[in-house]
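Report on the structure given below.
Values in this text are rule-based calculations from the coordinates and carry no lab data. Please read these numbers as outputs of a predicted model, since none were measured by experiment. Every residue, glycine as well, gets a Cβ built from its backbone with ideal geometry; the counts of neighbours run over all protein chains shown.
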Amino acid sequence: MTTDLLNLLRCPVTREPLQLEILSKGMKLYDGQEKEIILTGILRSSDCVYPVIDGVPRLLVEACIDYQDFLARHISNFADVKNTFETKYRGLLNFVLKKNKRTKQSFSQEWGLFDYETDKVWDADQEGMLDRFLRENDESKSSLKGKRIFDAGCGNGLLNQSIAACGAEIVGMDFSLSIERAFKQNTNSMALFIQGDVQFPPLAFESFDIVHSSGVLICTTNSELTFSCLEPCVKQGGKISVWLYHFRDDFIHNLFNKVRNYTSKLPVKFQYYLYSLTLLPVSYVIKRMKGNKQNKREMMIDILDWFSPEFRWEHAHDEAAAWYTKRNFHSVKVTTNELFGFNIIGVKG
Ligand SMILES: C[S@@+](CC[C@H](N)C(=O)[O-])C[C@H]1O[C@@H](n2cnc3c(N)ncnc32)[C@H](O)[C@@H]1O
């Protein structure tokens, strides 16, 4: 991270601005030049502490558990700090630990397979991803210039680089470890990355021209609840854009959804081997017969994305439109409508 990002960060628990203690600095290539970054540090609010590790602020509510070894090494009274936090926020901490555990594991495994050199993201190359983003958000390359965007659940972070290249400042956030590779791979200084939970966004409210969350709400505990946690980040006159699964009247699709209700409960590593031996060969033959050129990793990522996450919700278009109207968003419209899902946007205020 760089200090520029600090103004935008908030404690996900108390919503206060954060104080930064820098532990170490390093250099990273941005826009063709070596730039100084903060490699490790501690971010503090009145009640909470969060680490910066390998250049990425770790702003999860459960950071004091996930990163306790790092924090204990760098904060002399960490045991007391943790104890006070756990006593004051016991219910919250138990809640987030339980709700996030399996989803974090599942997406860390899924994006861990991704090869940045060769693989496409949802069948699209870099240009195709940007094109899809522009259609979903009803924007053009030139209209993005100067905008501040929040990509809530950014996955591998590749799209963020293309958006930043259009002149937008974009904060990509994910709670899985995909965020570490997203940060490392990026060389555009306008693309920033943080680890955080979309249900506790660690960012200043009313600060973003666009909040974009593609394929994320539907794998949280409750899609509309997550929508209501993200929409305060949108500025007045800004928009929120979400991509959601919709219902499909298709026997195989609905059978697969029934199967995943059981298999998604298995240990994530076991699921990887199970699907590699069962679904992957079948998918490979069918996709090749249809002329689909996806490589095996891309196919496996598609399979894991469907079968492995703990939650997978589907929504009607009108239901999602109501989320916007209830919260005083206007100009609500479905911008893209595909086989598995749709994108919907609305303007605040
Ligand atoms: C299907 S992927 C989509 C990634 C990216 N938006 C894209 O379109 O390629 C869903 C992403 O949401 C992230 N995610 C799921 N629940 C989350 C949460 N509560 N907080 C932050 N990220 C979350 C996952 O880690 C995963 O990277």
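Stretched out fully, how many nm does the piece from R90 to T278 gain, at 0.36 nm a residue minus the Cα gap? Could the numbers behind the result be given before it?
Working: separation 188, 0.36 × 188 = 67.68 nm, distance 4.15 nm.
Roughly 63.5 nm would be gained on extension.
Less than 5 angstrom separates the built amide H of G238 from those of K348, all sequence-distant by 5 or more or on a different chain.
Under 15 Å of direct C-alpha separation, and excluding same-chain neighbours fewer than eight residues apart, K88 reaches these aspartates and glutamates: D47, E62, D80.
Spatial offset of region 42-84 relative to region 128-151 amounts to 34 Å, using the alpha carbon center of each. The lysines within cross-link reach of K333, meaning a Cα-to-Cα straight distance under 19 Å and a gap of 8 or more places when in the same chain, are K235, K239, K348. The simple spin-label model puts a point 7 Å past each Cα toward its Cβ; for D250 and D318 those points are separated by 2.3 nm. With θ taken as phi - 60° and the Karplus curve 6.51 cos²θ - 1.76 cosθ + 1.60 applied, the whole-hertz 3J(HN,Hα) list for region 79-96 is 4, 5, 4, 5, 4, 5, 4, 5, 5, 6, 10, 3, x, 4, 5, 4, 4, 5 Hz, x standing for glycine and proline. Distance between the modelled labels on E34 and N188, one decimal in nanometres: 2.5 nm (7 Å Cα→Cβ projection).
Spin-label pair F205-E21: with each label point 7 Å from Cα along the Cα-Cβ axis, the two points sit 3.0 nm from one another.
Note on K290: lysines with a C-alpha under 22 Å away, same-chain residues under 8 apart excluded, are K120. Shown here is the pair-distance distribution of the chain: with all Cα-Cα distances grouped in 20 Å bins from zero up to the longest one, the shares run 30, 60, 11, 0 percent.
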